[in-house]
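The values are calculated or read from the model by the stated rules, or taken from the named source; none is laboratory data. As the structure is a computational prediction, the values presented were derived from the model and not from experiment. For neighbour counting, all protein chains shown are included, and Cβ atoms are generated from backbone atoms with ideal geometry for every residue, glycine included.
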2 protein chains.
Amino acid sequence: MSETVSFESMHGLMFSVSGPSGVGKGTIIKEIKKIYPDCGHSISVTTRRPRGTEKDGVDYYFRSATEFEKLCIEGEILEFDEYVGNFYGTPATPLLKMTECGRDVLLDLTIAGSMALKKKFSQAVTIFILPPSLEVLENRLVGRGTEDRELVNRRLEKAREEILNANGFDYVVINDELSDTVRKVEAIMIAEKCRYFRHSGIEKKFI
Amino acid sequence: MSETVSFESMHGLMFSVSGPSGVGKGTIIKEIKKIYPDCGHSISVTTRRPRGTEKDGVDYYFRSATEFEKLCIEGEILEFDEYVGNFYGTPATPLLKMTECGRDVLLDLTIAGSMALKKKFSQAVTIFILPPSLEVLENRLVGRGTEDRELVNRRLEKAREEILNANGFDYVVINDELSDTVRKVEAIMIAEKCRYFRHSGIEKKFI
C-alpha cells in the first residue's frame with residue numbers, strides 16, 4: 001500500500017527580510033540563524049579584487065566590471081550598491097541552486113531587492129519589518145551613536161519613503177519586542193512550508 | 001508625530017481544521033486551545049429540544065425544524081448532520097461576530113464545512129490534516145478499539161475520498177508527531193496575522 005508521506009523532499013524556500021535602516025533586520029536575521037543554522041545566505045558578486053585569503057564563491061564572487069554589467073543586464077543581479085568605486089550585488093542563481101538542494105535561504109535585502117526577488121522567483125516570501133513608530137526608529141538611530149543628526153534625519157526621511165512601499169510585501173511584522181518579532185518570522189517560515197500550493201498533488205500519494 | 005502602530009486592533013481570524021476520521025483533529029484543536037484559551041469555537045444550531053439546564057446560545061442554538069431549514073436555505077449553515085432524528089448545524093453569523101470583536105475562532109469542520117466557510121468568508125484560513133500514510137490512519141482507527149472492522153474499512157474508504165479534496169485548502173499539515181503538528185498549526189495562526197493584505201494601508205499610519 002501507500003508509503004509514508006512527508007515534506008522532507010520539498011525544495012527549500014527563499015525568504016527576504018526588508019525594512020528601513022535601524023529597524024533591526026540584521027539582529028532578527030542573526031536570531032533566526034541561531035534557530036536554523038543550516039539556513040543559507042547570499043554571497044555577493046563584487047567588482048573589487050580579492051584580498052588576502054578571500055576565495056571566489058566563498059567570500060564573494062569576484063567579477064570584472066564588464067562581467068558585472070552583463071549580469072545586471074541579464075537580470076541576474078537582484079540589487080546592487082557602489083562603495084569606494086566597486087560594485088556589490090546579490091546574484092539570483094546561487095539562491096535558486098541552494099533551494100533546489102532543499103536548503104532555505106534567508107536574505108537581508110533592500111526593498112528594491114525584495115521586489116526583484118519576488119519578480120524573478122514568484123514562490124519567494126517577502127517580509128517587511130516595520131518599527132512601532134517613527135519616534136522609536138529615530139531613537140534607535142540616535143542610540144547607535146554612530147551617525148550625526150543630519151544623517152539620522154536623512155535616514156528617517158528615507159524610512160518614510162520606504163515604509164510606503166510595504167504594500168508590495170507578503171508579510172509585515174512590527175519589530176517592537178525582538179523575541180516576539182523573531183517568533184513571528186519563524187512562524188512565517190514554518191507556515192509557508194505548509195501552504196497547500198507548495199505540495200500540489202500530495203493528496204495523490206495516498207491512492 | 002505618529003503614534004505607535006500595532007496589530008492589536010485587528011479583527012480576529014477564522015481557522016478551520018479538517019481531515020479524515022482518526023487523523024487527530026480533535027487532539028490538535030484541544031492542544032491549540034491550551035495555548036490560546038481565548039480562541040472561540042462554534043456553538044451548533046440544533047432541532048432537538050433543550051435538556052436539563054442547557055441554555056440557548058450557550059450549549060446550542062435551539063431552533064425548530066422549519067427555522068433550521070430556513071437557515072440552510074439562507075446559506076447560514078456551513079455544514080449539518082442528522083443524529084437520531086435531529087439536525088445539528090454550524091451557523092456562520094456567530095463566527096463573524098466573534099471575529100469582529102477581535103477574537104480568533106478555531107473550528108473542527110468537515111471538508112464540505114471548510115469549503116463553505118471559505119466561500120462565505122474569503123479571509124478564513126483552512127487547514128487540512130493528513131495522516132503520514134493510510135496504514136498509520138488504519139492503525140489509529142483500529143487502536144481506538146471502539147469500531148468494528150467493517151466500520152474501520154468504511155472510514156478508510158471515506159478517508160481516501162476526502163484526502164483527494166485536500167487541494168481546496170490553504171494549508172496542509174501531516175500529523176506524524178503531535179507536538180510538531182501543533183507547532184505548525186500555531187505557526188499558521190501567527191503567520192496569517194502578519195499577512196500584508198490583512199493590514200492593508202498600515203504603511204499610511206507612518207506619515
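In segment B:73-109, what residues are under 18 Å from residue B:37 (Cβ atoms), crowded, with 19+ Cβ neighbours inside 10 Å and either hydroxyl-bearing (Ser, Thr, Tyr) or in contact with an Asp or Glu (Cβ under 7 Å, 6 or more places away or on another chain) (or both)?
B:99
Considering B:143, B:113, which residue is under 11 Å from the mean Cα position of the chain (by Cα), modelled with pLDDT under 95 and more than 14 Å from every other protein chain (Cβ to nearest Cβ)?
B:113
Within segment B:156-170, count every residue that is out of contact with any Leu (no Cβ under 7 Å at 6 or more places or on another chain), at pLDDT below 95 and buried (at least 20 other Cβ atoms within 10 Å of the Cβ).
Looking only at that region, the number is 1.
I need the full set of residues from segment A:67-90 which are at pLDDT 95 or above, over 15 Å from the mean Cα position of the chain (by Cα) and aliphatic (A, V, I, L, M), in order please.
A:71, A:73
Given the criterion touching a Leu at 6+ places or on another chain (Cβ under 7 Å) and in the same structural domain as residue A:124 (by TED's automatic domain parsing), identify the matching residue among A:90, A:27.
A:27
Within the group B:138, B:150, which residue is surrounded by 13 or more Cβ atoms within 10 Å (Cβ to Cβ) and of a type outside the set (Lys, Arg)?
Matching residue, one of B:138, B:150: B:138.
So, of the residues in segment A:55-66 that are free of Cβ contacts under 8 Å to residues at least 12 places away in the same chain and not in a loop (DSSP other than H, G, I, E, B), which turns out to be farthest from the chain's Cα centre (by Cα)?
A:66
May I ask you to list the residues in segment A:125-170 that are among the aliphatic types (A, V, I, L, M) and touching a residue at least 60 places away in the same chain (Cβ under 8 Å)?
Matches in segment A:125-170: A:125, A:127, A:129, A:130, A:137, A:141, A:159, A:163.
Among the residues of segment B:126-175, write down those that are among the acidic types (Asp, Glu) and either out of contact with any helix residue (DSSP H, G or I) (no Cβ under 7 Å at 6 or more places or on another chain) or farther than 30 Å from residue B:13 by Cβ (or both).
Once the filter is applied, which keeps residues that are among the acidic types (Asp, Glu) and either out of contact with any helix residue (DSSP H, G or I) (no Cβ under 7 Å at 6 or more places or on another chain) or farther than 30 Å from residue B:13 by Cβ (or both), segment B:126-175 yields B:135, B:138, B:147, B:148, B:150, B:157, B:161.
Within segment A:1-22, can you find the residues that are buried (at least 17 other Cβ atoms within 10 Å of the Cβ) and either more than 14 Å from every other protein chain (Cβ to nearest Cβ) or in a helix (DSSP H, G or I) (or both)?
Result: A:12, A:14, A:21.
Could you say which residue among A:30, A:25 is loosely packed, with under 14 Cβ neighbours inside 10 Å, more than 14 Å from chain B (Cβ to nearest Cβ) and out of contact with any Lys or Arg (no Cβ under 7 Å at 6 or more places or on another chain)?
A:30
Condition check ((1) hydroxyl-bearing (Ser, Thr, Tyr); (2) in the same structural domain as residue B:147 (by TED's automatic domain parsing); (3) in contact (Cβ under 8 Å) with a residue 40 or more places away in the chain) across all residues:
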residue	(1), (2), (3)
B:20	no, yes, yes
B:23	no, yes, yes
B:46	yes, no, yes
B:71	no, no, no
B:82	no, no, no
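Just give me the residues in segment B:44-76 being of a type in the set (Val, Ile, Thr) and out of contact with any strand residue (DSSP E or B) (no Cβ under 6 Å at 6 or more places or on another chain), in sequence order.
Passing the criteria: B:53, B:58, B:66, B:73.
Only residues that are surrounded by fewer than 17 Cβ atoms within 10 Å (Cβ to Cβ), closer than 22 Å to residue A:115 by Cβ and in contact (Cβ under 8 Å) with a residue 40 or more places away in the chain: list them for segment A:171-207, please.
A:198 - this is the single residue of segment A:171-207 that is surrounded by fewer than 17 Cβ atoms within 10 Å (Cβ to Cβ), closer than 22 Å to residue A:115 by Cβ and in contact (Cβ under 8 Å) with a residue 40 or more places away in the chain.
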